[in-house]
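Notes follow once the structure below has been shown.
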Amino acid sequence: MTATTRTEVAANSSARLFQDMWGIYRKVVDNNYLNHREAYAALRRLLQNQRPGFTFLDIACGDASFSAAALTGLPIGRYIGIDLSQPALNEASANIADLPCPTELRHGDFADWLTACEEPVDLAWIGLSLHHLPFERKLETMRHLRRLLGQAGTLLIYENTCRTSESRAGWMKRWDRQRNDFSAFNGLEWLLLTTHVHGMDHPETVSAWRELGHRSGFDHMREHYCSSSGLFRLFSFSA
Ligand SMILES: C[S@@+](CC[C@H](N)C(=O)[O-])C[C@H]1O[C@@H](n2cnc3c(N)ncnc32)[C@H](O)[C@@H]1O
């Protein structure tokens with residue numbers, strides 16, 4: 001399949017997913033089931049160390065609501081968001097409107113966009129999206145990010161993470177055990193969400209995330225936050 005065809009297929013399925021699933025995802029976020037509040041508070045603490053005028057690349061930004069809140073009041077110089085879903089970008093456009101800097105929203109597959117991108121950035125953020133890719137495609141994406149971030153930039157990710165030696169199936173069992181925690185969800189909503197997670201998510205162990213970092217050219221990886229479920233962790237990667 002050519003890159004263009006892959007992008008088109010991904011864009012169509014993601015747009016459908018966004019329309020079908022966005023209400024469910026909003027409910028996940030509003031109930032803080034994936035610890036968005038704590039993860040984005042950790043992101044904000046890390047952004048406070050950035051030099052004034054920094055460029056922020058928000059990969060798979062969705063509606064950018066939490067990113068925009070995390071950036072509020074910080075001396076950002078430029079915001080770039082990319083997502084496959086046009087409805088998500090329409091919402092993002094309103095959510096980033098008050099950022100005190102030039103902003104750009106790009107519609108497309110981040111993997112394809114990064115391949116062609118030559119613009120340096122200071123900070124790249126991926127919130128709950130890199131795990132859709134299998135290991136080798138995560139590596140490809142992180143290598144492109146290393147190129148754009150250069151020696152001084154930082155990659156931050158909040159992503160699905162297995163316990164030491166835990167398999168994907170083991171992670172999925174832990175996911176499934178959360179059913180009672182998602183108390184605002186009816187049976188159908190839980191089924192739709194869980195079917196999506198089982199079909200699309202490829203978590204990595206901490207050591208696999210470290211290997212991805214090293215093989216992409218990042219010498220340092222640090223963990224900054226682990227969700228209350230233990231299913232998601234926030235890491236930084238720098239040269
Ligand atoms: C789980 S949401 C995460 C949104 C937001 N970053 C957050 O932290 O809540 C995943 C987002 O990734 C987008 N997405 C998934 N695969 C993508 C790809 N290959 N390129 C661009 N966006 C993608 C979806 O459209 C969706 O908006």
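Can you find a residue that is in contact with a helix residue (DSSP H, G or I) (Cβ under 8 Å, 6 or more places away or on another chain) and either away from the ligand (no atom under 16 Å from the Cβ) or modelled with pLDDT under 95 (or both) anywhere in the stretch 43-53? First the steps, then the outcome.
As a first pass, look at the stretch 43-53 and keep what is in contact with a helix residue (DSSP H, G or I) (Cβ under 8 Å, 6 or more places away or on another chain): 43-44, 47.
Next, only the ones that are either away from the ligand (no atom under 16 Å from the Cβ) or modelled with pLDDT under 95 (or both) stay: none.
Looking for residues that are in contact with a helix residue (DSSP H, G or I) (Cβ under 8 Å, 6 or more places away or on another chain) and either away from the ligand (no atom under 16 Å from the Cβ) or modelled with pLDDT under 95 (or both), one finds none in the stretch 43-53, hence no.
Here are the criteria: (1) touching an Asp or Glu at 6+ places or on another chain (Cβ under 7 Å); (2) over 24 Å from Pro203 (Cα atoms). Tell me which single one Leu84 does not satisfy.
Checking Leu84 against (1) touching an Asp or Glu at 6+ places or on another chain (Cβ under 7 Å); (2) over 24 Å from Pro203 (Cα atoms), the one that fails is (2).
Please enumerate the residues belonging to the stretch 108-131 that are within 13 Å of the ligand (Cβ to nearest atom), farther than 20 Å from Phe66 by Cα and in contact (Cβ under 8 Å) with a residue 60 or more places away in the chain.
Gly108, Asp109, Asp112, Thr115
Among the residues of the stretch 172-182 satisfying the criterion of being part of a helix (DSSP H, G or I), without any contact (Cβ under 8 Å) to a residue 24 or more places away in the chain and basic (Lys, Arg), which is farthest from Asp30 (Cα to Cα)? Talk me through it step by step, then tell me what you get.
First, the residues of the stretch 172-182 that are part of a helix (DSSP H, G or I): 172-176, 179-181.
This time we only want the ones that are without any contact (Cβ under 8 Å) to a residue 24 or more places away in the chain, so: 173, 176, 179-180.
Filter once more, keeping what is basic (Lys, Arg): 173, 179.
Details: Lys173: 24, Arg179: 17 Å.
My answer is Lys173.
Just for the stretch 183-199: of the residues that are more than 21 Å from the chain's Cα centre (by Cα) and in a helix (DSSP H, G or I), which one is nearest to Ser229 (Cα to Cα)? Steps first, answer last, please.
Initially, the stretch 183-199 is screened for residues more than 21 Å from the chain's Cα centre (by Cα), giving 183-191.
Next cut, in a helix (DSSP H, G or I) only: 187-191.
Values: Gly187: 20, Leu188: 22, Glu189: 19, Trp190: 16, Leu191: 19 Å.
Going through the qualifying residues, I end up with Trp190.
Need at least 3 residues that are surrounded by fewer than 22 Cβ atoms within 10 Å (Cβ to Cβ) and among the aliphatic types (A, V, I, L, M) per element, so show me which helices (runs of 4 or more DSSP H) inside the stretch 68-171 make the cut, counting only ones lying wholly within it. Before the answer, list the steps.
Numbers: elements: 86-95, 110-116, 135-149.
Of the helices (runs of 4 or more DSSP H) lying wholly inside the stretch 68-171, those with at least 3 residues that are surrounded by fewer than 22 Cβ atoms within 10 Å (Cβ to Cβ) and among the aliphatic types (A, V, I, L, M) span 110-116.
Has the stretch 192-203 got any residue that is within 18 Å of Asn32 (Cα to Cα), more than 14 Å from the ligand (Cβ to nearest atom) and of a type in the set (A, V, I, L, M)?
Checking the stretch 192-203: not a single residue is within 18 Å of Asn32 (Cα to Cα), more than 14 Å from the ligand (Cβ to nearest atom) and of a type in the set (A, V, I, L, M).
Could you say which residue among Arg26, Arg44 is basic (Lys, Arg), assigned to a helix (DSSP H, G or I) and free of Cβ contacts under 8 Å to residues at least 12 places away in the same chain?
Arg26
The values are calculated or read from the model by the stated rules, or taken from the named source; none is laboratory data. If you're wondering where the values come from, they're calculated on a predicted model, not measured in any experiment. Heads up, the Cβs are rebuilt from the backbone with ideal geometry, glycines too, and the neighbour counts pull from every protein chain shown.
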